[in-house]
């Protein structure tokens with residue numbers, strides 16, 4: 001049988017060929033895999049390099065004609081710069097949104113169809129919408145920013161850098177500074193409080209408005225709950241307030257060529273209605289605080305008569321004698337007794353004395369508080385008027401329970417200004433006092449704070465935040481144009497006076513040195529018609545004993561809208577001090593009041609402050625941004641008082657603007673932009689310069 005035929009004539013065994021093919025396939029597969037890993041590695045390195053090294057640190061979000069908004073990805077900041085990037089208006093740190101350790105590109109605009117809007121969802125934490133607004137009649141550009149958290153536990157915060165920017169505005173504080181860069185205030189609700197009870201809080205006047213020397217203004221809507229904190233020389237921060245609903249954080253940032261233009265733009269946006277002037281008659285009269293500690297209306301009358309006689313005897317002219325709330329209450333109770341007595345047969349003493357009170361020019365003090373031991377409060381619990389006082393229901397459908405508080409050391413209830421009947425009752429009470437005491441001026445105290453929030457109670461929406469003070473200002477405006485408020489917010493357009501915070505009787509930043517920063521702060525926020533603290537300070541309640549302090553304070557007060565005294569000059573010094581007091585009262589009436597009246601008309605039309613900082617005439621001069629011991633009346637008078645103990649000379653800076661300044665005493669003329677070092681200012685004089693073209 002022939003041998004079987006070999007079906008594979010090739011010398012290479014079949015098995016060997018198959019094995020080699022498999023080995024080659026595995027080799028190519030390994031090479032391709034290694035190449036893929038290498039390519040992936042190179043791409044990863046490239047992406048990382050692009051993100052970290054090659055990708056620009058900042059991305060333009062919106063562009064206007066003057067400025068643009070930039071996202072700084074490494075610092076988590078929004079920056080507004082000029083289009084040429086040669087000037088920074090403001091830097092806003094928003095790094096608390098999302099993970100601050102992670103760089104966020106923040107370049108994808110979800111509102112890409114609209115060139116003036118930018119929308120973004122940030123790390124599933126918050127949504128932001130930014131709108132660029134430009135008006136044809138304005139040289140400013142405004143960026144409206146609205147942050148909305150995706151859940152109610154997020155607290156949004158935006159911090160505005162103080163680096164190379166001097167900031168002004170906001171709220172009055174204890175030891176007011178100008179600018180506010182040196183203030184250090186912990187994060188807290190941005191509402192007016194009583195600085196005597198909460199010295200670290202916000203007091204006096206408050207507006208949701210901040211102005212920066214770089215030409216930037218920050219405005220916050222009035223109805224959004226807000227917290228504010230200041231880190232000295234670092235930043236100030238706006239933060240949403242936690243609540244049951246998602247807390248929004250909204251603000252508008254306006255930029256302009258310089259800070260005066262930014263302020264004027266902000267005033268147009270803040271204007272709620274036409275500005276009204278209070279009674280200009282008050283500017284001509286010095287106010288004298290009556291210091292008395294008596295226990296009856298008859299004794300108050302006697303003190304009034306004695307004090308009035310002393311004013312006439314010392315030839316101090318006509319003035320207003322101010323009574324505190326205790327003396328006002330004593331007089332009103334005496335008047336009530338008199339009215340009751342008329343029905344039974346008038347008392348000869350009371351009918352003889354009351355006309356003497358009506359002949360005097362007095363100012364009384366009222367508050368929205370009522371003692372719980374008063375007959376009026378007891379009757380309200382039975383006649384169905386318990387709603388006249390701030391109250392809460394005992395149950396959802398239960399009876400109203402008035403909220404107790406303390407005022408001047410007594411347990412009280414507070415007037416419910418949302419109740420028309422309560423407001424009418426208060427106005428009727430005022431009308432009765434005016435009819436029988438004949439007073440023209442009324443000081444309205446006690447608006448500070450939120451009674452509900454102070455006791456950890458949830459206020460009704462109509463009384464949330466600072467709305468009580470707004471309602472109190474409405475009530476004050478109905479009382480007449482000679483009414484004085486002790487605190488104010490969103491009411492600078494009303495015909496009211498605002499009393500400045502009481503100061504210490506010393507030379508410190510809590511005493512004399514705080515007067516000019518407080519003056520500039522008030523007027524920047526629109527509150528030009530001030531009742532300053534008394535000459536020498538009134539916080540302690542004791543008479544001023546430092547004669548030099550009294551003189552320097554008097555010299556400064558003579559250039560303010562109203563001169564106020566607590567310590568009569570015959571108590572503090574001799575005839576020389578009395579003569580000086582007469583001189584400066586006369587100078588105030590002759591020179592200052594006409595100027596205030598002139599620029600009051602300008603304020604009414606334009607919103608420009610009557611009392612102005614040095615940068616008003618030189619808004620691009622950095623030297624003027626921090627001057628806190630000089631001020632302007634309008635554009636034509638510069639006042640530089642001495643505020644250092646023992647000093648008879650001081651440094652003075654005359655702002656530049658293409659004009660000259662003339663010393664009112666020596667008639668010497670200086671060019672604008674001149675720095676006068678150790679300029680002589682004797683004890684009985686004030687450095688005053690008139691602007692010359």
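The values are calculated or read from the model by the stated rules, or taken from the named source; none is laboratory data. Given the structure is predicted, the values throughout are model-derived calculations rather than measurements. Heads up, the Cβs are rebuilt from the backbone with ideal geometry, glycines too, and the neighbour counts pull from every protein chain shown.
Within the stretch 529-550, does at least one residue satisfy the condition of being in contact (Cβ under 8 Å) with a residue 12 or more places away in the chain and within 23 Å of residue 259 (Cβ to Cβ)? Checked the stretch 529-550: at least one residue is in contact (Cβ under 8 Å) with a residue 12 or more places away in the chain and within 23 Å of residue 259 (Cβ to Cβ). Restricting the stretch 235-265 to residues that are part of a loop (DSSP other than H, G, I, E, B) and touching a helix residue (DSSP H, G or I) at 6+ places or on another chain (Cβ under 9 Å), the residue that is farthest from residue 158 (Cα to Cα) is 258. Residues of the stretch 582-602 that are in contact with a helix residue (DSSP H, G or I) (Cβ under 9 Å, 6 or more places away or on another chain) and under 23 Å from residue 655 (Cα atoms): 592, 596, 600. Kindly indicate whether any position in the stretch 442-455 is free of Cβ contacts under 8 Å to residues at least 60 places away in the same chain and either in the same structural domain as residue 297 (by TED's automatic domain parsing) or not in a helix (DSSP H, G or I) (or both). Taking every residue of the stretch 442-455 in turn, at least one turns out to be free of Cβ contacts under 8 Å to residues at least 60 places away in the same chain and either in the same structural domain as residue 297 (by TED's automatic domain parsing) or not in a helix (DSSP H, G or I) (or both).
Counting only residues that are free of Cβ contacts under 8 Å to residues at least 60 places away in the same chain and either within 13 Å of residue 507 (Cβ to Cβ) or outside the structural domain of residue 576 (by TED's automatic domain parsing) (or both), the stretch 551-565 holds 1 of them. For the stretch 281-323, residues that are surrounded by 15 or more Cβ atoms within 10 Å (Cβ to Cβ), modelled with pLDDT under 90 and out of contact with any helix residue (DSSP H, G or I) (no Cβ under 8 Å at 6 or more places or on another chain) total 1. Is it the case that some residue within the stretch 512-523 is without any contact (Cβ under 8 Å) to a residue 40 or more places away in the chain and out of contact with any strand residue (DSSP E or B) (no Cβ under 7 Å at 6 or more places or on another chain)? Within the stretch 512-523, not a single residue is without any contact (Cβ under 8 Å) to a residue 40 or more places away in the chain and out of contact with any strand residue (DSSP E or B) (no Cβ under 7 Å at 6 or more places or on another chain).
Based on this model, can you work out whether residue 279 counts as more than 30 Å from residue 254 (Cβ to Cβ) and under 26 Å from the mean Cα position of the chain (by Cα)? In short, yes.
Each residue in the stretch 572-615 was checked for being farther than 30 Å from residue 545 by Cβ and in contact with a strand residue (DSSP E or B) (Cβ under 6 Å, 6 or more places away or on another chain), and 2 pass.
Mind listing whichever residues of the stretch 556-582 are within 25 Å of residue 635 (Cα to Cα) and in a helix (DSSP H, G or I)? Result: 556, 557. Just one of the numbered conditions (1) within 16 Å of residue 479 (Cβ to Cβ); (2) modelled with pLDDT under 95 is not true of residue 441: (2). Output yes when any residue across the stretch 269-276 is within 30 Å of residue 432 (Cα to Cα) and modelled with pLDDT of 90 or more, and no when none is. Within the stretch 269-276, one or more residues are within 30 Å of residue 432 (Cα to Cα) and modelled with pLDDT of 90 or more. Flag: residue 465 matches the condition of being over 24 Å from residue 533 (Cα atoms), in a loop (DSSP other than H, G, I, E, B) and within 23 Å of the chain's Cα centre (by Cα).
Residues that are free of Cβ contacts under 8 Å to residues at least 60 places away in the same chain, buried (at least 21 other Cβ atoms within 10 Å of the Cβ) and under 24 Å from residue 199 (Cα atoms) within the stretch 456-485 comprise 467, 468, 473, 485, listed in sequence order. Here the stretch 617-672 is the region considered, the condition is being at pLDDT 95 or above and at positive phi, and the residue that is surrounded by the most Cβ atoms within 10 Å (Cβ to Cβ) is 634. In the stretch 284-306, what residues are part of a loop (DSSP other than H, G, I, E, B) and closer than 17 Å to residue 569 by Cα? Matches in the stretch 284-306: 285, 286, 290, 291, 292.
Modelled with pLDDT under 85 and more than 22 Å from residue 269 (Cβ to Cβ) - does that describe any residue in the stretch 87-96? Within the stretch 87-96 (the criterion being modelled with pLDDT under 85 and more than 22 Å from residue 269 (Cβ to Cβ)), the answer is yes, since at least one residue qualifies. Here no strands (runs of 3 or more DSSP E) wholly within the stretch 384-436 include at least 1 residues being free of Cβ contacts under 8 Å to residues at least 40 places away in the same chain and assigned by TED's automatic domain parsing to the domain that holds residue 462.
Which residues, counting only those in the stretch 669-693, are part of a loop (DSSP other than H, G, I, E, B) and either out of contact with any strand residue (DSSP E or B) (no Cβ under 7 Å at 6 or more places or on another chain) or within 21 Å of residue 558 (Cα to Cα) (or both)? Listed by number, the residues that qualify are 673, 674, 681, 682, 683, 684, 685, 686, 693.
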